[in-house]
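S.K.: Provided herewith is a single structure, encoded as structure tokens, for subsequent inquiry.
The values are calculated or read from the model by the stated rules, or taken from the named source; none is laboratory data. Everything numeric here is computed off the predicted structure, so don't read it as measured data. Using ideal geometry, Cβ is built from the backbone for each residue, glycine included, and neighbour counts are taken over all protein chains shown.
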Amino acid sequence: MFTILRWILLLALCYFGYKKKNLTTWILVSMAVGAEIGYDFPEFAKNLKILSDIFLRLIKTIIAPLLIGTLVVGIAGHSDMKQVGRMGIKALIYFEVVTTLALVVGLIAINFTKAGVGIDLSVAQKTTEKLVSVGHQDWQQVVLHIFPDNIAKAIANGEVLQIVVFSILFAIGLTMTPQKHRVVMLSALESLSEVMFKFTNIIMYFAPFAVGGAIAYTIGTMGLEIFKNLILLLLTLYGALVAFLLLVLLPIALIVKVPLKQFLQAIAEPVSLAFATASSEAALPKAMKAMQAIGVPQKIVAFVMPTGYSFNLDGTTLYLSLASVFVAQAAGIDLPLETQIIMCLTLMLTSKGVAGVARASLVILSGTVATFGLPAEPIMVILGIDALMDMARTSVNVIGNCLATVVVAKWEGEFGKVEPNADVEEIAAH
């Protein structure tokens with residue numbers, strides 16, 4: 001009787017998801033359907049793992065072109081930093097310090113709650129063996145492995161660190177080339193990035209099926225205990241983000257003497273928009289207008305805010321550090337602290353430039369954990385609640401970038417010196 005009632009409820013939920021025509025809703029509905037299938041038909045559910053495997057294969061094809069395009073454009077596209085001068089240097093130093101602190105908070109939180117411990121993956125033993133073999137390498141071999149000897153080989157093997165190193169060196173070389181050649185290459189790579197963003201969007205339409213299959217397989221093999229880990233992971237992320245706001249961003253605001261009441265009133269609307277849409281770019285025009293309204297000069301808003309969307313993703317970097325260790329915990333692997341730090345530094349580099357792309361953090365996470373020999377299966381479990389996590393981390397991204405804009409204006413001694421300019425929305429559009 002209860003089984004029939006559950007399926008009637010699921011059918012009603014599916015109809016709601018169909019009428020809603022929203023990817024986030026579809027993912028949540030498919031998660032419920034997958035859980036029910038895994039619970040009622042465990043043997044059949046074990047065959048649905050192929051859906052998540054297909055999705056992960058498609059995700060892996062995105063990693064290299066997306067990283068190369070976004071990193072090169074993000075670095076070489078800001079080659080006018082020489083003209084921007086000390087403002088650009090101060091902003092970039094601030095970005096890297098704050099995002100590093102975000103990584104630390106994420107690491108501390110997940111190591112404290114151990115949200116992934118207790119998940120029994122069939123690939124755990126295989127992965128552990130791989131990590132043990134890596135652990136026997138001396139430090140020279142570890143360092144040498146960072147640098148590619150063949151970029152095509154690095155791309156084929158999904159070596160994220162090697163792709164990052166190649167992209168950074170390529171970008172530096174690009175800034176040294178004559179303008180006519182640099183413009184052509186930047187245009188081509190920017191076009192590549194845009195295409196890969198659209199490619200990501202297409203693949204994400206398969207995400208509900210992948211999530212449903214992954215949850216069905218997980219429940220069919222492990223039972224409903226997995227939901228305890230997911231709830232704990234969600235609470236860990238929200239707790240870590242609150243801690244980051246109170247322990248990092250709030251002290252910075254107090255030290256720089258940001259007018260807190262005025263600042264909080266100004267960011268209320270853009271942060272609410274970011275939380276509702278889970279898109280940093282959707283909130284960008286409102287955020288730029290709000291910062292100029294409280295006295296940040298237009299030239300600082302126009303530089304710091306867009307740059308921050310590539311280099312100052314506080315919420316995203318915190319989430320990535322937390323999620324990567326969760327994957328290791330789910331695989332039953334106790335990662336040494338130094339390995340966690342190297343992994344998080346890799347994530348900090350690879351996450352640049354993808355703030356406006358829905359679920360792009362999943363792509364970055366997939367590539368990085370593969371580089372460190374971790375299984376991809378826990379990522380599919382995370383995807384089931386990613387929409388709920390995305391809203392929170394996106395909101396923190398917006399808060400962090402708004403605060404960075406005020407901080408730079410304070411450092412430059414220009415905060416409150418100009419009147420708001422109604423044309424700021426035009427700047428945001430460009």
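S.K.: Check off (1) farther than 26 Å from ALA243 by Cα; (2) out of contact with any Asp or Glu (no Cβ under 8 Å at 6 or more places or on another chain); (3) in a loop (DSSP other than H, G, I, E, B); (4) at pLDDT 85 or above for SER79 and give me the number that stays unchecked.
M.R.: Going through (1) farther than 26 Å from ALA243 by Cα; (2) out of contact with any Asp or Glu (no Cβ under 8 Å at 6 or more places or on another chain); (3) in a loop (DSSP other than H, G, I, E, B); (4) at pLDDT 85 or above one by one, SER79 breaks only (4).
S.K.: Say we look at the range 135-149 and pick out the residues that are part of a helix (DSSP H, G or I) and surrounded by 14 or more Cβ atoms within 10 Å (Cβ to Cβ); which of these is modelled with the lowest pLDDT?
M.R.: VAL142
S.K.: Quick check on the range 363-378: of everything there that is closer than 14 Å to ALA210 by Cβ and in contact with a helix residue (DSSP H, G or I) (Cβ under 6 Å, 6 or more places away or on another chain), which residue is surrounded by the fewest Cβ atoms within 10 Å (Cβ to Cβ)? I'd like the intermediate steps shown before the answer.
M.R.: Residues of the range 363-378 that are closer than 14 Å to ALA210 by Cβ, as a first pass: 363, 366, 376-378.
After this cut, where a residue has to be in contact with a helix residue (DSSP H, G or I) (Cβ under 6 Å, 6 or more places away or on another chain) as well, the list is 363, 366, 376, 378.
On the way: VAL363: 24, SER366: 23, ALA376: 19, PRO378: 28.
Step by step, filter the range 363-378, then rank; the result is ALA376.
S.K.: When residues of the range 150-197 are filtered for being outside any helix (DSSP H, G or I) and either more than 25 Å from LEU58 (Cα to Cα) or in contact with a Ser or Thr (Cβ under 7 Å, 6 or more places away or on another chain) (or both), how many remain?
M.R.: Count: 5.
S.K.: If VAL211 passes every condition in (1) surrounded by fewer than 18 Cβ atoms within 10 Å (Cβ to Cβ); (2) under 19 Å from PRO378 (Cα atoms) but one, which one does it miss?
M.R.: Unmet for VAL211, out of (1) surrounded by fewer than 18 Cβ atoms within 10 Å (Cβ to Cβ); (2) under 19 Å from PRO378 (Cα atoms): (1).
S.K.: Against the definition (at pLDDT 90 or above, under 22 Å from ILE89 (Cα atoms) and more than 16 Å from the chain's Cα centre (by Cα)), how does ILE267 come out, yes or no? Quick ask: steps written out before the conclusion?
M.R.: Numbers: at pLDDT 90 or above: yes; under 22 Å from ILE89 (Cα atoms): no; more than 16 Å from the chain's Cα centre (by Cα): yes.
Answer is no for this residue.
S.K.: Ok, one more. Assess whether VAL29 counts as being modelled with pLDDT of 80 or more, farther than 24 Å from VAL369 by Cα and touching a Pro at 6+ places or on another chain (Cβ under 8 Å).
M.R.: yes
S.K.: Has the range 85-96 got any residue that is within 24 Å of GLN340 (Cβ to Cβ), at pLDDT 80 or above and buried (at least 22 other Cβ atoms within 10 Å of the Cβ)?
M.R.: Yes; the residues of the range 85-96 include at least one that is within 24 Å of GLN340 (Cβ to Cβ), at pLDDT 80 or above and buried (at least 22 other Cβ atoms within 10 Å of the Cβ).
S.K.: Only one of GLY373, GLY367, GLY353 is at pLDDT below 80, under 21 Å from VAL164 (Cβ atoms), under 13 Å from the mean Cα position of the chain (by Cα) and assigned to a loop (DSSP other than H, G, I, E, B); which?
M.R.: Numbers: GLY373 fails: under 13 Å from the mean Cα position of the chain (by Cα); GLY367 fails: assigned to a loop (DSSP other than H, G, I, E, B).
Answer to the selection: GLY353.
S.K.: Right, next: If you check GLY223 against the conditions, is it at pLDDT below 85 and of a type in the set (Gly, Ala, Ser)?
M.R.: On the way: at pLDDT below 85: yes; of a type in the set (Gly, Ala, Ser): yes.
So GLY223 fits the description; yes.
S.K.: Continuing with this model, one more query. Can you tell me which residue within the range 168-202, out of those that are at pLDDT 85 or above and hydroxyl-bearing (Ser, Thr, Tyr), is nearest to the chain's Cα centre (by Cα)?
M.R.: Of everything passing the filter in the range 168-202, SER191 is nearest to the chain's Cα centre (by Cα).
S.K.: All but one of (1) under 24 Å from GLY106 (Cβ atoms); (2) crowded, with 24+ Cβ neighbours inside 10 Å hold for PRO336; state the number of the condition that does not hold.
M.R.: (2)
S.K.: Take VAL160 and tell me if it is at pLDDT 60 or above, under 26 Å from the mean Cα position of the chain (by Cα) and closer than 25 Å to THR70 by Cβ. Even if it seems obvious, please write down each step before you answer.
M.R.: Working: at pLDDT 60 or above: yes; under 26 Å from the mean Cα position of the chain (by Cα): yes; closer than 25 Å to THR70 by Cβ: yes.
Taking the combined requirement at face value, the residue satisfies it.
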